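Let me begin by presenting the structure, written as structure tokens, before commenting on it.
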Amino acid sequence: MSRQSSSPALAATVLLLLACFQTVSAHFSIVYPAWRGNTLLPDKQWDYPCGGQRVTTNRTKWPIDGGALSIIPGWNAGHPTSFWYINMGFGTTPPNMTNIIQPVFQITGPSKDPFPGHFCLPDLPLPKNASVQVGDNATLQVIQVALHGASLYNCADITFVERGQEDPMPEGMCSNSSTIGFNLVYSTTSDSLRAMVVPSLFTIFALVVAVGNWVL
């Protein structure tokens, strides 16, 4: 992924997001690809599927074989960890966002208070069995799930281009802040839990295994 300097518009967007972070107990923002709109003020991130934002014509050129995603997580007080889901919808106005790009993962922060910092997934793949062409449109959907179960939504509209023709990442934003840790998430079954609830039900619960500060 090219690490060129960002355009003035993208640089201004980053400065605006940082300013919002100072004044709001924010949830999260997408730095790259550019999000549909500022959902921090007013707080619209509870609205499915894209934080109350409609499709934008200000699309980011994104590599046809997959590209980077940069996020400022922003925390509400009392929620030092959260789960993340990254999906894609195809077309100018996607009918759904059910195509998984990245399996669920967890990030952890340094405290229960809101904190600055960002993380980057530098080389996200396309969803399995995706078939796209240069010039096709799509939307990235990012979901943050807090410990209490509330889901927050943001989206970024993209247009696929040949690798090397993508819009540049804002300088310094495809890195991981040292205060943010990553955990893997997987599922298993429990016969004892199944027996405690209803014998005929198949119960699946998530286990989180810490792997330290995983640098992508």
Consider Gly74 carefully, then state whether it is modelled with pLDDT of 90 or more and surrounded by 21 or more Cβ atoms within 10 Å (Cβ to Cβ).
no
So which residues in the stretch 86-121 are modelled with pLDDT of 90 or more and of a type in the set (Phe, Trp, Tyr)?
Phe90, Phe105, Phe119
So, Trp46, is that one surrounded by 16 or more Cβ atoms within 10 Å (Cβ to Cβ) and either of a type outside the set (Asp, Glu) or modelled with pLDDT under 80 (or both) or not?
no
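The values are calculated or read from the model by the stated rules, or taken from the named source; none is laboratory data. From a predicted model like this one, the values you see are computed outputs, not experimental measurements. Please note: Cβ atoms are built from the backbone with ideal geometry, for glycine as well, and neighbour counts cover all protein chains shown.
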